[in-house]
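Comments concern the structure below.
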């Protein structure tokens, strides 16, 4: 799970594309509609982005200085929100990293480490919630009278986080499978090491299938009512991409095959964040 290959630039592209697009296409337009300023200054939001980049870089490379920088930057941002209790979030993150490294040393088997790594990716869109004015101000009597309601933005960010979690989880398992197929000495208790590469790739395709079903239901029951036909094009593009990746994984037999599938998942993750602006109004 700590491969150095093709990992240095991916956290930067993913975090910048995700957080800045969500800030300026989801949070800012709604805040402007209500005449409310964003909670974070431009510099504070930049620090939030640096924090997220460092956290993901630490996940990808097991770099301990990166996690220190990420946590300190995150604590600075939470202080800027005026809700100091939010610093507990980064204490929890520090504990998750300790657990993640324990898993990497073989303390826990199977996909526990993959799940934690995927959670860090899901945190990236969720951290943008810090840019929304504090909950007690949003739902104060004065703002309720003004009709201020950020529920739609919050639900949108949470749905993006769920999509990111599932894609990242599949990507992390592919990363382990790539290493397992490429290096016979790879002896961490990962899913492909314990259950075999065949089981691992069916698990990945099962996660992708679940993602496809969730996307289809999300469109049918929610998205088509607010974004029209353009959202159908967006959803179909992602679903077709996932089906193509499933096909490539099904026929994968070597470490190179799994690496190509993993890279395709990475590109899909970034592309989906860029395309998400087509559906938000």
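Highest mean first, how do 118-124, 23-29, 10-16 rank when packing is the count of other Cβ atoms within 10 Å averaged over residues?
Going by the mean number of other Cβ atoms within 10 Å, highest first, we get 118-124, 10-16, 23-29.
For residue 46 and residue 209 in the same chain, what is the full-extension length gain: residue separation times 0.36 nm, less their Cα-Cα distance, in nm? Mind dumping the intermediate values first?
Working: separation 163, 0.36 × 163 = 58.68 nm, distance 3.53 nm.
Answer, rounded to one decimal: 55.2 nm.
Multiplying the sequence separation of residue 194 and residue 155 by 0.36 nm and subtracting their Cα-Cα distance, what value in nm do you get?
Here the answer is 10.3 nm.
Would you give the gap between the C-alpha center of region 198-213 and the C-alpha center of region 27-70, rounded to a whole Å?
That distance is 31 Å.
Mind jotting down the three principal axis lengths of region 19-127 based on Cα atoms? Whole angstrom, largest first.
Sorted largest first, the three principal extents are 52, 23, 21 Å.
Less than 18 Å from a label point 7 Å out along the Cα-to-Cβ axis of residue 270: which backbone N atoms in region 14-45 qualify, by residue?
Once the point is set 7 Å along Cα→Cβ of residue 270, 14-22 turn out to lie under 18 Å by backbone N, inside region 14-45.
Read-outs throughout are calculated quantities, based only on the coordinates presented, and are distinct from any laboratory measurement. From a predicted model like this one, the values you see are computed outputs, not experimental measurements. A quick note on method: Cβ atoms are made from the backbone with ideal geometry, for glycine too, and the neighbour counts reach across all protein chains shown.
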